[in-house]
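Read the figures in this text as sums done on the coordinates, not as results from a lab. No experiment lies behind these values; they were computed from the predicted model shown. Heads up, the Cβs are rebuilt from the backbone with ideal geometry, glycines too, and the neighbour counts pull from every protein chain shown.
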Amino acid sequence: MTDLAPETPAHNPESPASGYGPFAYLSTPNAPLYRRVMRALMAQKERFTVHVRPEEVSAALATDGGSPVEEDMVTEALERLAQPGWGNLLAFPDSSRVTALEDFYRRRMLYQLSREGEAAERALAQYDAALGTRGALQSVALEDIVVLLTSLRDTVEAHRAGGEVDPAVTHQALRSLRERFVELAENAVAFMGSMQRTIDLHDADVEAFLAYKEELIAYLERFIHDLLTRGAAIAELLAAIPPDGVRFLADTAAEREAADAAPGEADTARDRARETWLQQWSGLTEWFVSTPGRESEAKLLRARARAAIPQLLAVVRALHERAGGRTDRTQDFLTLARWFAALPSDGERHRLWRSAFGLTPVRHLSVTAATEDAWAAAELGTTTPWPEAPPLEISPQLRRSGSYERRGRAVRVQDRSAAKRMLAERARAEAEQTAAARRRILTDGPRPLSAFGELDPEAFRLFLGLLGDALAAMGPQADTAQVHTSDGELTVTLSRIPGAGTMTLRTPDGDLTGPDHLVDIASAVDLPGPSAERPAEVYA
């Protein structure tokens, strides 16, 4: 077994003695052994074992799945981790096993994690956990947020009605809401980041990706549906809690947290906690509720998840093409070269060349009959130099004018300015009419069909076409569908509403009646013209 290499930690005179020394062993050649030793000591600390002997650490290393380590190497590693430059461990003489005088002259030590060493290991464990986190799109978290917001809404209504409110229950509901929301947001960011790396094929296992692509796409579609429906419910619950109710919830949580503050700091802790809760509530609202000047994070996440599905399908196509051994131009040229080598004469090679590359004679350049007869009589080969070949004789008319066409009197140019102005005005009027109709049906988030009210004939004609395309794409089995207009300017997302009733769309030409659905019509570009009247209520 190789001895430990001498290692000297770097010293920074500007940092305190305890500075970042506990991280110094990570840059040494024996860092893997030190990490195993520190993990063993952390495991003992979690079992409330304060002091550890070297043989106990050796026994722990023998069962951690790593390579075997001699006890002398473990002892030396413990000593180096306890040296002043690093300070990961604290060493104490072990006098509990002294039974004879000569035992006093043997170096027996007990080791304990120092405060700095424990903090460094916890930071490294959190770092490892963050690297191993893949993230997830948590539909259950959305459901929990709906439940918690419903409870808080009922609490606010009871308080405004003069009823009794349990501060402990309210505070616990707020804490649970914050934890679920933070977990949802962080996991969504981690999942979308890991999926983007998979799409970019930076760390994708091809066989594994092809194996779970259908499950991944179904997973995304299910989350998009849950985010669409429950996101609208969350936005409605947030709108149902008025500003004074939000302040009451923040004050209740701040009072309970200030009760644990140190003497003399209760007022400061209360104000700080109240401000923190108000900011967190504002962040929750901005995550689920859109405004005219800003789209909600939930809507952006939904759009990002939708865009990931066609990107995943493109990756699948690329992987199938790669797995199918698609030939490239190199193989084509090699095959063509073999054909050239197999042909018996140059004439056949020339025919193959013309067939492969389409190099045919210049058809727009005509020569005289005398030139063609001279070429035929000379029996020129492909290696004849240009100066030795018969000259090329062309028509003098072609030399003077560049064309054989007999030119007559030019036709008088007609003035079509009036017709062009009429066509431009008609096109502009039609474009403005279409843009106004498109602005009229934009939803700024999911809306039920019953909330559209009365539509003018032009807007209704456009809306009816989009609705028909979305219903045809949804079919009788699916719960949601998304379609795009042919120019790509509008995106329509249609979803079924469980237990929905009948809706009626009114137009000057009549009424359209049918089952209610949730529709989201979004524009990919800024539509020209003045802004049409938008609905005041925002659903997501």
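If you count the DSSP beta bridges with both ends in segment 437-523, what percent of them are antiparallel, to the nearest 5?
Restricted to segment 437-523, the bridges split so that about 95 percent are antiparallel.
Would you calculate the volume per residue, in Å³, of the smallest convex hull containing every Cα atom of segment 437-523?
Output value, Cα hull per residue: 86 Å³.
Based on the Cβ-Cβ distance from F357 to D128, what FRET efficiency comes out when R0 is 51 Å, to the nearest 0.05?
About 0.30, to the nearest 0.05.
Equivalent-ellipsoid semi-axes (√(5λ), Cα gyration tensor) for segment 21-131, whole Å, largest first?
25, 15, 14
Once phi is turned into ³J(HN,Hα) by the Karplus curve 6.51 cos²θ - 1.76 cosθ + 1.60 with θ = phi - 60°, what whole-Hz value does each residue of segment 233-249 show in order, with x for glycine and proline?
5, 5, 4, 5, 5, 5, 5, 6, 9, x, x, 5, x, 5, 5, 5, 5
As I understand it, the dipole of segment 21-131 uses +1 on the Cβ of Lys and Arg and -1 on the Cβ of Asp and Glu, about the Cα centre. Which of A62, N88, L33 lies farthest toward its positive end?
N88
About the Cα centre of segment 437-523, what is the dipole size in debye to 20, counting +1 per Lys and Arg Cβ and -1 per Asp and Glu Cβ, all else neutral?
80
Count charges around E118 for me, please; just the other residues with Cβ under 15 Å from its Cβ, Lys/Arg as +1, Asp/Glu as -1.
Around E118, the charge tally is +3.
Assuming 0.36 nm per residue, please report the length gained on full extension of the stretch F92 to E183 beyond their Cα-Cα distance.
That pair, F92 and E183, stretches by 28.5 nm at full extension.
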